[in-house]
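S.K.: Structure provided below as structure tokens; questions to follow.
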């Protein structure tokens with residue numbers, strides 16, 4: 001069954017999101033939580049939204065890429081372990097202690 005976002009249309013190098021991520025309200029809140037936590041790239045788009053945001057959920061890092069600079073909407077996907085930067089990796093313990101807070 002596809003997610004609330006529709007059936008996946010993955011590129012050959014794309015990461016597939018876990019199929020049990022079904023709560024749209026929770027997932028769409030991750031970028032705002034990431035921005036408040038400072039888990040963002042330092043290169044804002046034209047309207048001030050960061051180009052990238054990160055969330056640590058279910059012991060997995062997710063990256064959100066800005067796809068609409070006017071509305072501030074993001075396309076998200078899980079990162080492979082070798083794609084996680086050392087700067088994010090050092091935040092894991094703190095994020096686990098705050099019950100899986102988003103970046």
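Taken together, the values in this text are just the output of simple stated rules run on the coordinates, not laboratory data. Model, not experiment: these values are computed from the prediction. Using ideal geometry, Cβ is built from the backbone for each residue, glycine included, and neighbour counts are taken over all protein chains shown.
S.K.: Could you list 30, 54 so that the one with the fewest beta carbons within 10 Å of its beta carbon is first and the one with the most is last? Walk me through the numbers before you get to the answer.
M.R.: Values: 30 22, 54 26.
Arranged by neighbour count, lowest to highest, 30, 54 become 30, 54.
S.K.: With each label point set 7 Å from Cα along the Cα-Cβ vector, what nm distance links residue 69 and residue 41?
M.R.: Going from the residue 69 label point to the residue 41 one covers 1.2 nm.
S.K.: Give the order of 66, 88 when sorted by the count of other beta carbons within 10 angstrom, beginning with the fewest.
M.R.: Final ranking by Cβ density, sparse to dense: 88, 66.
S.K.: Mind grabbing the base-10 log of I(q)/I(0) for region 27-97 at q = 0.14, 0.18, 0.20, 0.26 Å⁻¹? Debye formula, identical points on the C-alpha positions, no solvent, two decimal places.
M.R.: Rounded to two decimals, the profile gives -0.39, -0.64, -0.79, -1.26.
S.K.: Ranked by Cβ crowding within 10 angstrom, fewest neighbours first, how are 41, 15 ordered? Numbers along the way, then the final one.
M.R.: On the way: 41 13, 15 16.
The fewest-first ordering by Cβ neighbours comes to 41, 15.
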